[in-house]
Amino acid sequence: MKKKLLMALCSCSCFCLEAKVDRLEYKELSEWRMTDHVEPFSKFFMLYKPKNIVELGLGFGTVNFIRNCDKVLSLELVVPRFGMKWFNECTQCYKDFDTWQGSTIDICENLVLLEGQRVSYLFENPSKIDFYLEEINNLSNLILGKGNMLLSEEIEVIFIDSGFICRADLVNAFFGKVPIIVAHDTNSTNGFYKGYGYSRITVPEDYERIHFSKGQGTTFFIRKDYQNLIHSLNEYKL
Ligand SMILES: C[S@@+](CC[C@H](N)C(=O)[O-])C[C@H]1O[C@@H](n2cnc3c(N)ncnc32)[C@H](O)[C@@H]1O
């Protein structure tokens with residue numbers, strides 16, 4: 001029944017979305033695969049209140065960040081497959097929340113990144129494409145530059161749930177640049193979602209990986225100077 005409500009919300013008009021998104025409850029969000037990250041995030045937020053979060057890939061789950069963070073920036077990486085429709089619809093839902101901002105980075109013209117996506121869809125590693133890793137690095141810097149500017153402070157948490165499917169390569173690019181990196185759908189080692197490439201992640205020594213396997217899988221990569229948080233989140237997970 002709840003799933004049906006969410007599916008209906010997904011397909012209804014902006015007006016309807018706008019009216020209903022604030023009524024979405026934790027239970028509904030946690031039961032839906034697109035938003036089941038609310039459960040590990042609820043544990044995280046009980047232990048730690050970040051000063052801000054940047055979300056790559058917005059949706060109904062955005063409301064959970066608005067409820068728990070002082071500043072939320074949803075940055076849509078615009079790709080040809082989805083265009084601006086989803087972002088525009090979601091903007092209608094969130095535009096009246098003072099602590100929320102939305103913005104976009106259009107990568108529809110970036111042929112190297114699009115080729116990376118094509119290769120990743122085929123479950124191959126795009127790293128060997130000429131200039132691919134440079135473009136990923138440039139994209140990560142663009143995201144950070146825009147994020148820091150719009151938030152007027154450094155990004156503390158970045159959540160990667162983007163329509164741009166090379167999510168693993170973004171995670172790698174954010175190591176050393178953002179203290180808390182979180183990725184969604186990380187259980188996806190086979191089937192379509194294998195295209196996210198999460199097996200390509202290499203965790204550096206100064207970060208700790210904490211994986212929540214329930215549902216689609218949500219993984220936190222936390223810089224080791226956040227020792228208390230790492231300890232408590234590991235305890236809480238059990
Ligand atoms: C999985 S969704 C993000 C979900 C979001 N983080 C949440 O918790 O609700 C990732 C991306 O898929 C793309 N997308 C396009 N149309 C969509 C639709 N109808 N439903 C879900 N995602 C869509 C958008 O680019 C969106 O940012």
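The values are calculated or read from the model by the stated rules, or taken from the named source; none is laboratory data. In this text the structure is predicted, and so the values were computed from the model without any measurement. Here Cβ is always computed from backbone atoms with ideal geometry, including for glycine, and neighbour counts include all displayed protein chains.
Scanning region 59-80 for residues that are within 12 Å of the ligand (Cβ to nearest atom) and under 21 Å from Trp32 (Cβ atoms) turns up Gly59, Phe60, Gly61, Thr62, Val63, Asn64, Phe65, Ile66, Val72, Ser74, Glu76.
For every residue, the table says whether it meets (1) buried (at least 19 other Cβ atoms within 10 Å of the Cβ); (2) in contact with a Lys or Arg (Cβ under 9 Å, 6 or more places away or on another chain).
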| site | (1), (2) |
| --- | --- |
| Asp36 | yes, yes |
| Lys49 | no, no |
| Thr62 | yes, no |
| Ser74 | yes, no |
| Pro80 | no, no |
| Trp86 | no, no |
| Tyr94 | yes, no |
| Phe97 | no, no |
| Ser103 | no, yes |
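For every residue, the table says whether it meets (1) under 18 Å from the mean Cα position of the chain (by Cα); (2) under 17 Å from Ile107 (Cβ atoms); (3) buried (at least 22 other Cβ atoms within 10 Å of the Cβ).
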| site | (1), (2), (3) |
| --- | --- |
| Ile129 | no, yes, no |
| Leu133 | no, yes, no |
| Glu156 | yes, no, no |
| Cys166 | yes, yes, yes |
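Within region 215-236, being basic (Lys, Arg) and loosely packed, with under 14 Cβ neighbours inside 10 Å holds for one residue alone: Lys224. Per the conditions (1) among the hydroxyl-bearing types (Ser, Thr, Tyr); (2) touching a residue at least 40 places away in the same chain (Cβ under 8 Å); (3) within 15 Å of the ligand (Cβ to nearest atom), the sole criterion not satisfied by Ser127 is (3). Looking at (1) part of a helix (DSSP H, G or I); (2) surrounded by fewer than 18 Cβ atoms within 10 Å (Cβ to Cβ), which is the one condition that is false for Gln117? Every listed condition holds for Gln117 apart from (2).
Here Phe41 does not qualify as near the ligand (Cβ under 8 Å from one of its atoms), modelled with pLDDT of 95 or more and assigned to a helix (DSSP H, G or I).
Residues of region 44-72 that are aliphatic (A, V, I, L, M), out of contact with any Gly (no Cβ under 6 Å at 6 or more places or on another chain) and not in a helix (DSSP H, G or I): Ile53, Leu56, Leu58, Val72. Here Leu5 passes the criteria (1) of a type in the set (A, V, I, L, M); (2) surrounded by 14 or more Cβ atoms within 10 Å (Cβ to Cβ); (3) at pLDDT 90 or above; (4) more than 14 Å from the ligand (Cβ to nearest atom) except the one numbered (3). Within region 81-100, can you find the residues that are part of a helix (DSSP H, G or I), more than 8 Å from the ligand (Cβ to nearest atom) and touching a strand residue (DSSP E or B) at 6+ places or on another chain (Cβ under 6 Å)? Of everything in region 81-100, those that are part of a helix (DSSP H, G or I), more than 8 Å from the ligand (Cβ to nearest atom) and touching a strand residue (DSSP E or B) at 6+ places or on another chain (Cβ under 6 Å) turn out to be Thr91, Tyr94. Residue check, Leu56 against (1) away from the ligand (no atom under 12 Å from the Cβ); (2) in contact with a helix residue (DSSP H, G or I) (Cβ under 8 Å, 6 or more places away or on another chain); (3) over 18 Å from Lys95 (Cβ atoms), all met but one. Which one? Every condition holds for Leu56 apart from (1). Scanning for something polar (S, T, N, Q), more than 15 Å from the ligand (Cβ to nearest atom), closer than 24 Å to Gly61 by Cα and within 16 Å of the chain's Cα centre (by Cα), does region 170-186 turn up at least one residue? Yes; the residues of region 170-186 include at least one that is polar (S, T, N, Q), more than 15 Å from the ligand (Cβ to nearest atom), closer than 24 Å to Gly61 by Cα and within 16 Å of the chain's Cα centre (by Cα).
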